[in-house]
Amino acid sequence: MRALMQFFRSIFIVIILTLLTQVGGLIYLLYLPIKHWLTRRINSRWKVRLFRWSSFAIIYMLINLIFVPPLARQLGRLPLPWYATEEVPLQPANWVYCLANRHYVQPALYQLVAETAQKMATVTPYSKLIYLDANFPFFDGFPLLPHLSHNDGRKLDLAFLYQKNNSQALQSAPSTLGYGYNEPPKSHEINQPEICSQRGYWQYSLTTWLSPTISNPKITFNEAANRHLLQLFATNAKTGKIFIEPHLKQRLDLGSYSKIRFHGCQAVRHDDHIHIQL
């Protein structure tokens with residue numbers, strides 16, 4: 001009975017790691033012989049747990065840092081940078097995105113975002129752009145949960161640009177993972193979250209609950225900088241579509257840009273991030 005429970009526990013871990021990181025489940029299967037070897041060799045319960053976790057973490061990091069990136073490149077996807085440089089002023093809101101292999105894109109999207117980040121760093125106080133979820137390293141069609149479309153290397157979420165104390169550029173995302181810090185509609189603007197909720201799309205504002213962030217009055221949405229950023233993307237021939245909330249398109253006076261669109265009530269609200277795709 002105990003062996004059966006351990007078997008199902010391992011299957012559950014493989015499924016969860018695969019869903020969250022794509023390759024984590026396979027790495028866990030490779031690690032299982034080491035786990036069993038440690039269990040037989042070490043008598044202390046806490047030492048077994050310590051060596052198990054540390055050995056899995058080391059194997060996971062080595063595979064993801066050494067083997068996954070070059071293989072992904074061969075198959076047409078590049079990893080976005082872990083930290084910003086002058087050449088590519090782009091970095092994740094949190095290293096969780098890199099550790100979970102959720103930072104891969106096609107070369108054309110990499111070039112598009114890198115070019116735009118360089119232009120923003122040149123003409124605005126923002127020294128870098130902050131990215132959120134991108135795509136997994138392998139296989140078109142493999143879902144990057146909870147997203148509906150991040151499954152082909154052609155999509156990327158970016159944080160909006162904010163300022164603190166109404167003057168200084170905020171060089172990071174306003175929340176831990178970048179999602180959930182919404183810029184809600186004003187009284188005279190289109191209230192798409194309310195419209196979608198009334199139509200029965202309960203999940204539309206789910207990121208607000210999954211990534212709760214207390215509004216900080218010292219952090220404000222930089223309308224001028226976000227307008228310029230979106231204009232750069234919208235006028236680039238490589239860009240296919242841009243998704244933001246209708247009230248932000250209205251507020252930023254971007255009505256003439258056909259690439260900037262509403263994503264539909266079946267998705268989640270986009271007033272906490274920008275969705276870019278080829």
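The values are calculated or read from the model by the stated rules, or taken from the named source; none is laboratory data. In this text the structure is predicted, and so the values were computed from the model without any measurement. In this analysis, Cβ positions are derived from the backbone assuming ideal geometry, glycine residues included, and neighbour counts consider all displayed protein chains.
Side notes on the structure shown:
- Pair list, Cβ under 9 Å, 6 or more apart: region 125-147 residue at positive phi, other residue buried (at least 22 other Cβ atoms within 10 Å of the Cβ): Phe139/Gln22
- Meets criteria (surrounded by 13 or more Cβ atoms within 10 Å (Cβ to Cβ), in a strand (DSSP E or B) and under 18 Å from the mean Cα position of the chain (by Cα)) for Gln91: yes
For (1) touching a helix residue (DSSP H, G or I) at 6+ places or on another chain (Cβ under 7 Å); (2) outside the structural domain of Pro107 (by TED's automatic domain parsing); (3) crowded, with 21+ Cβ neighbours inside 10 Å; (4) within 26 Å of Glu87 (Cα to Cα), each residue gets a yes or a no:
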{"residue": "Pro137", "(1), (2), (3), (4)": "yes, no, yes, yes"}
{"residue": "Pro143", "(1), (2), (3), (4)": "no, no, no, no"}
{"residue": "Leu148", "(1), (2), (3), (4)": "no, no, no, no"}
{"residue": "Asn165", "(1), (2), (3), (4)": "no, no, no, no"}
{"residue": "Ser172", "(1), (2), (3), (4)": "no, no, no, yes"}
{"residue": "Thr176", "(1), (2), (3), (4)": "no, no, no, yes"}
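- Residue in region 106-115 that is touching a helix residue (DSSP H, G or I) at 6+ places or on another chain (Cβ under 6 Å), surrounded by fewer than 20 Cβ atoms within 10 Å (Cβ to Cβ), within 25 Å of Ala234 (Cβ to Cβ) and assigned by TED's automatic domain parsing to the domain that holds Phe233 present: no
- The requirement of being of a type outside the set (Lys, Arg), touching a Phe, Trp or Tyr at 6+ places or on another chain (Cβ under 7 Å) and surrounded by fewer than 19 Cβ atoms within 10 Å (Cβ to Cβ) is not satisfied by Ala224.
- Contacts under 7 angstrom Cβ, first residue in region 76-101 being without any contact (Cβ under 8 Å) to a residue 12 or more places away in the chain, partner outside any loop (DSSP other than H, G, I, E, B) and hydrophobic (A, V, I, L, M, F, W, C), 6 or more apart: Pro81/Leu90
- For region 18-25, the condition holds for no residue, the condition being that it is at pLDDT below 95 and farther than 30 Å from Pro107 by Cβ.
- Selection status of Ala114, modelled with pLDDT of 95 or more, of a type in the set (A, V, I, L, M) and either touching a strand residue (DSSP E or B) at 6+ places or on another chain (Cβ under 9 Å) or assigned to a loop (DSSP other than H, G, I, E, B) (or both): yes
- Every test in (1) touching a residue at least 12 places away in the same chain (Cβ under 8 Å); (2) closer than 22 Å to Asn151 by Cα is passed by Gly264 save one, and that test is (1).
- Restricting region 52-64 to residues that are surrounded by 13 or more Cβ atoms within 10 Å (Cβ to Cβ) and of a type outside the set (Gly, Ala, Ser), the residue that is nearest to Met120 (Cα to Cα) is Asn64.
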